Amino acid sequence: MDEDSVYYVDVLLPLHLPGTYTYRVPREMTATVQTGVRVVVQFGQKRIYSALVRRVHTQAPQWKSKYIMGVLDTEPVVTERQMVFWEWMARYYMCSTGDVMAMALPAGLKLQSESTVMISPDFDGDLSSLSRYELMVVNLLTEHPSMKLTDLSRAIGVQKIMPLMRTMIEREIVVLEEELRERFVPKRSPYVKLSGHKPLDAILDELERKKRTAQVKVLMQFLQMSNMGHDAVAKRMLPQGSALQTLIKNGVFVIEERVESRLRDYSDGELTDPDSIVLNEEQQAAYHCVNSSMSECVNRDAPATNTSTNSHINTFLLHGVTSSGKTEVYIKLIAEVVAQGRQALFLLPEIALTAQIINRLRKYFGDKVGVYHSRFSMSQRAEVWQRTMNGQYQVLLGARSALFLPFKELSLIIVDEEHDASYKQYEPAPLYNARDSAIYLARLWDARVVIGSATPSIESYYNAMSGKYGYVAIRQRYGGFKLPELKCIDMRETRKNGQLRGHFSTYLLEQIRNALAEGKQVILFQNRRGFSLRLECNDCHTVPQCVHCDVSLVYHKATNSLRCHYCGYSIPVPSECPQCHSTHLQMVGIGTERIEEDLQIMFPDARVARMDLDSTLQKNQYMELLNDFQNRRIDILVGTQMVTKGLDFEHVSVVGIVNADNLITFPSFRSYERAFQQMTQVSGRAGRHADGGRVVIQTYCPEHIVIQDVLNSDYEALYEEQIQERRVFRYPPFYKLIGITLKHRDAELLNRAADWMAVQLRGAFGGRVMGPEYPLISRIRALYLKCITIRFERTEAIADAKQLMLRIADDLQKQEGFSGIMVAFDVDPY
Ligand code: ADP
Ligand code: ZN
Ligand code: ZN
């Protein structure tokens with residue numbers, strides 16, 4: 001840098017603000033500022049933030065600018081390409097770059113004067129290693145468990161608190177409160193190990209002599225699992241009978257409480273060479289197509305509807321039936337990238353799904369695999385961040401947020417289960433779709449993308465058919481296993497013929513009974529949680545409603561309460577009707593809780609468990625349930641859509657869809673597509689490693705076209721029906737939708753604001769504007785909602801239109817009385 005020039009930096013702040021802000025760089029800091037490092041700036045009256053340098057330059061701004069107060073990093077913590085990605089995302093999803101930054105950066109990189117810190121639970125308490133100021137901070141935090149940075153700075157008389165905090169956070173002496181709140185508490189559970197009070201063979205001899213066969217059996221199992229007694233084994237892994245108790249009582253085993261690792265189960269043993277995977281013919285063809293990007297492979301199966309055959313294809317849709325070995329194809333593709341010293345990103349729709357994939361990836365790529373969760377601790381996240389940036393991790397696995405890692409040399413992105421709605425973020429802004437964003441990110445890197453699914457989204461399939469994406473299909477299950485046999489049960493008939501037991505047809509019950517008798521496992525899918533869906537007065541038909549939301553309350557038996565699924569509001573179950581005081585209250589509709597209970601009564605010997613939002617509130621409960629199911633400690637798993645997703649269980653032979661109808665009747669242009677996907681996906685959990693998988697679909701309208709498509713495993717038919725509808729009724733992929741939601745406590749004010757906005761929008765976009773109207777649920781958390789939707793033709797360039805919409809929203813808030821109206825944009829709503 002030129003010694004004599006005056007330097008400025010444009011910085012990004014993690015706030016809902018447009019654009020960048022310019023600060024002046026004091027001479028002594030010119031050598032250390034560069035794009036991507038954090039600097040300390042004052043913003044607003046008093047607040048101090050760590051901001052990110054977007055650009056260093058010498059153009060003096062029009063206004064006098066403040067000086068930056070310090071430079072926090074010696075090396076960039078964010079790359080240029082990341083910032084370009086953020087800026088694209090902000091433009092595309094109609095929010096500010098600061099919104100994206102706030103979401104993309106791990107908490108540890110977002111210091112501000114209002115941040116609150118506490119002593120880290122990981123701090124080892126070694127005071128001798130602390131500097132003078134660090135010691136002062138620790139002492140203060142011992143007295144006041146949490147303090148704001150501004151207050152700390154004042155108390156210890158150090159102005160430059162941020163650099164001090166940066167190192168203290170890195171050394172895990174302190175932790176941000178925000179961080180601590182989201183971190184999950186390590187789970188302790190009992191482990192069994194040998195007490196060593198007698199030699200093992202002596203114990204075995206004695207037990208044999210006394211013919212304690214049950215105890216011998218437990219001991220042998222323990223030895224097998226514990227590396228011949230060298231390690232401890234989780235107590236719940238052993239048969240929970242009296243034999244185990246006796247072994248503990250007699251001092252053969254001792255119990256010890258251990259913290260269970262969150263990432264347990266991955267072996268750090270020998271790596272397997274990915275070359276040892278032998279792809280079958282279809283898998284090989286798919287692999288070859290993607291790997292060569294060759295145009296003649298592209299659209300091999302697709303009807304020649306479109307043009308771009310010769311262009312270089314970067315995005316591929318891998319359409320493989322459930323259990324066709326898509327993951328094995330991904331692994332082969334990743335192996336190639338790893339061998340070239342580059343990076344691959346593997347996205348999944350849910351964190352919980354990562355557990356199985358981690359093991360599969362680590363088997364081949366060992367410690368080159370990095371896992372990134374938004375729920376990891378700050379130090380873990382910072383570590384993954386760092387190792388991604390320096391290229392140490394070559395395979396990055398995660399849900400949506402892994403898109404934001406600082407890649408060094410990204411050359412492949414896998415988006416598994418691409419159809420899954422969880423790829424769309426609902427709150428807060430940006431409301432981005434991670435699949436679509438991945439495709440843009442790949443373009444920035446000139447990387448390849450493979451989006452995979454057994455039930456592709458209509459949009460992706462359309463893109464493949466029209467030649468925009470490459471298309472490869474795998475139509476057979478690996479190993480030649482048959483797809484499960486699907487059977488539809490007409491519940492009207494069942495009822496008429498007296499073959500209904502509660503909510504189950506005798507046919508489904510028989511299938512469950514058979515499966516259990518053969519030692520197999522069962523999955524039951526019910527898309528509603530709670531016990532019964534509502535409580536209704538028999539006399540006046542009043543249904544208790546949430547006081548904050550426009551929905552009825554759901555009965556939860558476990559807590560004996562009525563609860564709102566939108567805001568969490570909850571009341572004890574009333575004994576009489578709030579309206580007419582009648583005591584004839586009846587329960588209507590069933591949820592997962594009820595199914596679990598009924599099954600347990602009908603199959604008293606079976607181990608029944610439930611997986612839904614209520615049973616998995618704590619982060620690792622989800623993983624534990626799946627783990628237990630995988631290890632056959634659960635016979636029947638009842639769950640919401642959580643159980644439908646891409647899991648590979650070996651012993652599931654029966655899948656039951658308890659009520660297919662409430663999947664289909666959901667009012668959205670995507671509801672048939674989604675119903676098909678959910679039913680097909682959950683069916684795909686059956687019979688993955690053996691023939692004879694069975695799926696039972698209970699419905700009151702068996703002739704429904706979606707049910708028929710599912711029964712015939714006919715994705716193409718579903719697609720043809722849907723694409724016609726979308727064309728006729730002007731939905732994606734032919735039209736692009738932008739949803740605008742206005743919110744306010746005051747319904748009347750909201751109505752006026754929405755009308756005002758609609759008039760402005762119509763002035764600009766004419767007949768493309770629909771609404772305003774109340775959404776399906778017109779009030780959530782005491783805020784009334786009103787929606788306006790705008791649709792553009794696929795081919796229209798809409799960057800300017802988005803700008804104009806943002807301006808109209810700005811203008812709205814400048815109108816008399818409307819300043820408190822909240823406006824949220826949702827581009828490509830789901
Ligand atoms: P999908 O992701 O398409 O649902 P998976 O990749 O989970 O399917 O494959 C289903 C099962 O078949 C897995 O247990 C997997 O290990 C096995 N499998 C698939 N392809 C191969 C292969 N080429 N070699 C060995 N095992 C395979
Ligand atoms: Zn009543
Ligand atoms: Zn509510």
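For the range 592-643, rounded, prolate or oblate, judged on the Cα gyration tensor with a ≥ b ≥ c (square roots of eigenvalues), a/c < 1.5 rounded, else prolate if a/b > b/c? In terms of gyration-tensor shape, oblate. For the range 544-573, the residues whose backbone nitrogen is under 19 Å from a point 7 Å from the Cα of Ile601, taken along Cα to Cβ, are 555-561. Output the pairs from Lys193/Lys249; Lys211/Lys520; Lys46/Lys110; Lys46/Lys814; Lys332/Lys363; Lys46/Lys148 with a Cα-Cα distance over 20 Å in this structure; if there are none, say none. With Cα atoms farther than 20 Å apart: Lys211/Lys520; Lys46/Lys814.
Summed over qualifying helices (DSSP H, 4 residues or more, each -39500 (n - 2.57)) and divided by its residue number, the chain shows a 222 nm mean residue ellipticity of -10000 deg cm²/dmol.
Here Lys217 is the anchor, and the aspartates and glutamates within straight C-alpha reach of less than 17 Å, apart from those fewer than 8 places off in the same chain, are Asp201, Asp205, Glu206, Glu208. Here the gap between Met220 and Val573, fully extended at 0.36 nm per residue and compared with their Cα-Cα distance, gives a gain of 122.1 nm. With the convex hull drawn around the C-alpha atoms of the range 505-548, the volume per residue stands at 114 Å³. Residue by residue, the range 555-570 carries 3J(HN,Hα) couplings of 7, 10, 6, 4, 10, 6, 9, 9, 10, 8, 7, 9, 10, x, 4, 8 Hz when phi is fed to the Karplus relation 6.51 cos²θ - 1.76 cosθ + 1.60 (θ = phi - 60°); x denotes Gly or Pro. The residue among Ile357, Leu405, Val450 whose Cα reaches farthest toward the positive pole of the charge dipole of the range 349-496, with charges on the beta-carbon of Lys, Arg, Asp and Glu, is Ile357.
Placing pseudo-labels 7 Å out from each Cα toward the beta carbon at Glu793 and Tyr700 gives an inter-label distance of 4.3 nm. Hydrodynamic estimate: the Kirkwood radius of the range 714-769 over Cα pairs, inserted into Stokes-Einstein at 10 °C and 1.306 mPa s, corresponds to D of 114 µm²/s. Summarising the amide proton neighbourhood of Cys580: residues at separation of 5 or more, or on other chains, whose placed amide H is nearer than 5 Å comprise an empty set.
Note that the range 567-657, at 10 °C in a medium of 1.306 mPa s, gets a Stokes-Einstein diffusion coefficient of 102 µm²/s from its Kirkwood radius over C-alpha pairs.
Which whole DSSP H helices in the chain pass both tests: a Cα extent of 24 Å or more along the axis and a mean Kyte-Doolittle value no lower than 1.6? TM-like helix candidates: nothing returned. Please work out the FRET efficiency for the pair Gln62 and Leu806, using the Cβ-Cβ distance as r and a Förster radius of 30 Å; give the result to the nearest 0.05. E between Gln62 and Leu806, to the nearest 0.05, is 0.80.
A simple charge model with +1 on the Cβ of Lys and Arg, -1 on the Cβ of Asp and Glu and nothing else charged puts the dipole of the range 652-789 at about 780 debye relative to its Cα centre. Determine which residues of the range 734-768 fall in the zone a paramagnetic label at Arg727 would reach in this model, i.e. backbone nitrogen under 13 Å from the point 7 Å along Cα→Cβ. Answer for this model: 734-735. Considering only Cα atoms, the convex hull volume of the range 435-561 works out to 287 Å³ per residue.
Close amide-amide hydrogen proximity is noted between Val652 and Gln521, Gly687, Arg688, each under 5 Å apart and 5 or more residues distant or on a separate chain (H modeled in the peptide plane; Pro and chain starts excluded). Kirkwood radius and radius of gyration were both taken over the C-alpha atoms of the chain, and their ratio Rg/Rh is 0.98.
The range 748-793 and the range 63-99 have Cα centres separated by 32 Å. Note on the range 326-467: the C-alpha convex hull projects to 8.5 nm² when averaged across all orientations.
Note on Lys557: aspartates and glutamates with a C-alpha under 15 Å away, same-chain residues under 8 apart excluded, are Glu593, Glu596, Glu597, Asp598, Asp612, Asp614. Rounded to two decimals, the Cα-based Rg/Rh of the range 49-164, with Kirkwood Rh, is 1.04. Placing unit charges on the Cβ atoms of the charged side chains and taking the dipole of the chain about its Cα centre, the candidate lying farthest along the positive direction among Phe123, Ala104, Ile788 is Phe123.
Every number here is computed from the coordinates shown, using simple stated rules; none is lab data. Keep in mind that what you see is a predicted model, and the values were worked out from it rather than measured. Cβ sites come from the backbone with ideal geometry, for glycine too, and all protein chains shown count toward neighbours.
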